[in-house]
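The values are calculated or read from the model by the stated rules, or taken from the named source; none is laboratory data. Remember, predicted model here, so these are calculated numbers, not experimental data. A quick note on method: Cβ atoms are made from the backbone with ideal geometry, for glycine too, and the neighbour counts reach across all protein chains shown.
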Amino acid sequence: MKFSLILFLLGLVIFSCQKPQETQPKTTFPKQPNILWIVCEDMSPEHLESYWGTGGRTPNLNALATESLQYQNAFSTAGVCAPSRAALITGAYQTSIGAMHMRTLAPSQAAGDAYPPGFKGYSTVLPEGMLPYPIYLRQAGYYVTNNSKEDYQFRSPVMMWDDSSNKAHWRNRKDPNQPFFSIFNFTTTHESQVWAREGKDSLLVDPKDVTVPPVYPDDSITRRTIARFITNVMRMDEQVGEVIRQLKEDGLYDKTIIFFYSDHGDGMPYFKRELYDRGLKVPLLVKAPWLEGGTNTEELVSFVDFGPTLLSLAGIPIPESMQGQAFLGEQKAEPRKYIYAARDRMDSEYDRVRAVSDGRFKYIRNYMPEKSNYQNIRYRLQNPLMVHLLELNEKGALNENQSRWFAKSKPEEELYDTQNDPWEFTNLVGNPEYANILKELRKAHEDWIAKYGDKGAMNEMEMVKAMWNGAENPPITSAAEISFSEGKVSLNCPTPSALIGWRKSTSDSWKIYTGPFEAVAGDSLYVNTHRIGYEAAEITRVLD
């Protein structure tokens with residue numbers, strides 16, 4: 001009897017710890033649901049109290065977490081924003097489409113960016129047939145807005161969003177019954193805010209109370225910088241609360257699927273731009289009526305999966321151009337086995353590093369082992385902690401784990417047990433106990449490159465020239481061909497994969513051309529054609 005009772009209780013424990021199973025949405029939930037993405041920047045999961053917290057209070061995100069499924073293993077595809085955002089918007093690995101270098105568009109010297117000698121800014125040319133997910137949403141009837149950062153490694157076509165500005169909001173749609181997809185992006189936690197907000201915004205946590213990670217020395221400068229970062233997280237939480245308040249005020253909270261995530265891991269030195277978990281792992285909360293709130297899942301999720309999942313939730317077929325897989329919705333795939341990440345040029349500094357993880361073990365391949373992990377990035381030197389670390393390293397005042405970042409070279413391969421070694425200090429390559437894991441993950445990495453390709457192996461400017469079909473400047477999209485007959489306008493663009501947008505007034509938003517539309521003689525017609533990565537073409541015609 002006692003043994004049976006023990007088995008029964010054990011069964012209850014196992015059942016209660018299982019990952020919640022997704023079920024279909026309730027029949028009252030619309031087939032085209034409203035979807036809201038709340039995005040912060042440069043923030044690892046641990047800053048949220050619902051994960052484990054680093055001393056700051058995040059009440060609004062705590063409340064959202066109690067109604068959300070919380071992902072414990074969500075990863076960006078790079079430790080920096082623009083390459084990861086390219087993967088988000090396309091559902092494809094940035095290395096496969098030539099969007100892996102930070103950053104591709106024209107240099108912004110005013111922002112403190114620096115670029116290699118001979119660098120020429122470019123807009124990544126997406127492969128034929130590949131379109132950003134907002135296009136599919138708009139074609140399906142969604143009102144699609146972005147407030148307001150893009151940074152996708154290409155210039156957005158005018159027809160990509162209904163609105164992409166600091167005024168973009170679901171409230172601006174003309175039809176209150178039109179389904180919406182809205183992004184709100186908060187830069188408050190971006191690395192730049194560590195120095196930009198200093199002296200302008202009082203700290204909300206005491207530096208003496210923060211926990212100093214082992215990659216840093218425990219001193220006043222470190223503690224002050226960490227306290228500033230945590231304060232910025234708390235400010236961001238307030239912004240999240242305001243968006244959710246507006247959603248509730250509009251009676252839409254229970255009718256909207258909500259995602260909260262960060263665009264990559266922490267923005268601190270030796271975190272951001274690296275392929276360690278602290279640079280890649282992100283918080284991810286998803287609130288939907290059929291998901292059990294306040295629960296966790298260990299399922300692996302990559303940024304290339306976000307686009308497919310969005311389309312799956314919206315009832316839109318996932319295009320073959322997307323390399324990721326849906327983790328929610330009717331097109332949900334089997335859980336992935338690995339996540340992949342890459343590091344390439346960071347501003348002025350070239351490196352090529354690749355990583356694959358099964359959620360516990362992380363394999364890193366250094367294609368330029370002769371280079372230091374540390375990169376002398378001018379932009380980052382504005383962070384007082386970065387300057388402090390350089391000074392301490394010069395004096396030999398850092399310990400082994402702190403100074404390894406500045407080593408003159410790095411091993412060709414690295415392997416870490418992120419469960420038992422979360423800071424990824426102990427390289428297991430060469431340890432016979434982990435030989436099979438090393439072999440497995442090495443093969444996973446090589447198979448990934450074989451399947452999707454890796455343009456990071458090319459010289460950047462030669463890659464760009466190939467994108468431009470051998471020209472020295474970007475090609476220009478062909479102008480639209482306009483046909484007007486019997487009250488119908490037909491549009492065509494000879495350039496393959498070009499998007500066609502049209503409107504009848506400069507005050508209207510651009511519509512995506514999907515087929516002939518009605519017009520009358522005398523109408524002014526504005527038509528924009530744009531193959532992403534090429535220069536756009538725009539013409540105006542009065543119909544006769």
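Observations, loosely collected:
Every residue, every condition in (1) without any contact (Cβ under 8 Å) to a residue 60 or more places away in the chain; (2) out of contact with any Gly (no Cβ under 6 Å at 6 or more places or on another chain); (3) among the small types (Gly, Ala, Ser); (4) more than 17 Å from SER84 (Cα to Cα), yes or no:
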site: VAL233; (1), (2), (3), (4): no, no, no, yes
site: GLN239; (1), (2), (3), (4): yes, yes, no, yes
site: GLU242; (1), (2), (3), (4): yes, yes, no, yes
site: LEU247; (1), (2), (3), (4): no, yes, no, yes
site: ASP250; (1), (2), (3), (4): no, yes, no, yes
site: ILE257; (1), (2), (3), (4): no, yes, no, yes
site: HIS264; (1), (2), (3), (4): no, no, no, no
site: ARG278; (1), (2), (3), (4): no, no, no, no
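- For GLY267, the test of being part of a loop (DSSP other than H, G, I, E, B) and in contact with an Asp or Glu (Cβ under 7 Å, 6 or more places away or on another chain) is passed.
- Of all residues in region 410-449, those satisfying the criterion of being under 30 Å from LYS120 (Cβ atoms) and of a type outside the set (Phe, Trp, Tyr) are LYS410, ILE449.
Each row is one residue, and each column tells you yes or no for (1) surrounded by 18 or more Cβ atoms within 10 Å (Cβ to Cβ); (2) outside the structural domain of ILE183 (by TED's automatic domain parsing); (3) part of a loop (DSSP other than H, G, I, E, B); (4) modelled with pLDDT of 95 or more.
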| position | (1), (2), (3), (4) |
| --- | --- |
| ASN62 | no, no, no, yes |
| ILE89 | yes, no, no, yes |
| SER96 | yes, no, no, yes |
| ASP113 | no, yes, yes, no |
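- Residue selection: TYR136 fails the criterion of being over 16 Å from the mean Cα position of the chain (by Cα), of a type in the set (Phe, Trp, Tyr), farther than 26 Å from ILE244 by Cβ and in a loop (DSSP other than H, G, I, E, B).
- Matching option when the condition is under 26 Å from GLN72 (Cα atoms) and surrounded by fewer than 18 Cβ atoms within 10 Å (Cβ to Cβ), among ASN473, ASN420: ASN420
- Residue pairs meeting the criteria (Cβ under 7 Å; at least 6 apart or on separate chains; first charged (D, E, K, R), in region 514-534; second outside any loop (DSSP other than H, G, I, E, B)): GLU518/LYS488
- Residues of region 240-261 classified as buried (at least 17 other Cβ atoms within 10 Å of the Cβ) and in a helix (DSSP H, G or I), total: 5
- Those strands (runs of 3 or more DSSP E) of region 316-404 in which 3 or more residues are modelled with pLDDT under 95 and surrounded by fewer than 21 Cβ atoms within 10 Å (Cβ to Cβ) are absent.
- Checking VAL125 against (1) crowded, with 18+ Cβ neighbours inside 10 Å; (2) of a type in the set (A, V, I, L, M, F, W, C); (3) out of contact with any helix residue (DSSP H, G or I) (no Cβ under 7 Å at 6 or more places or on another chain); (4) more than 23 Å from HIS190 (Cβ to Cβ), the condition it does not meet: (3)
- Residue match in region 275-285 (condition: surrounded by 22 or more Cβ atoms within 10 Å (Cβ to Cβ), out of contact with any helix residue (DSSP H, G or I) (no Cβ under 8 Å at 6 or more places or on another chain) and in a loop (DSSP other than H, G, I, E, B)): yes
- Where PHE3 falls short, out of the listed (1) under 15 Å from THR256 (Cα atoms); (2) modelled with pLDDT under 95: (1)
- Qualifying residue in region 497-507 (condition: in contact with a Cys (Cβ under 8 Å, 6 or more places away or on another chain) and β-branched (Val, Ile, Thr)): yes
- Residue match in region 22-42 (condition: touching a Gly at 6+ places or on another chain (Cβ under 8 Å), surrounded by 21 or more Cβ atoms within 10 Å (Cβ to Cβ) and modelled with pLDDT of 65 or more): yes
- When region 286-315 is limited to residues that are out of contact with any helix residue (DSSP H, G or I) (no Cβ under 9 Å at 6 or more places or on another chain) and small (Gly, Ala, Ser), the one that is farthest from TYR142 (Cα to Cα) turns out to be SER312.
- Filtered by the rule that a residue be surrounded by fewer than 17 Cβ atoms within 10 Å (Cβ to Cβ) and within 30 Å of GLY98 (Cβ to Cβ), region 513-533 gives a lone residue, THR514.
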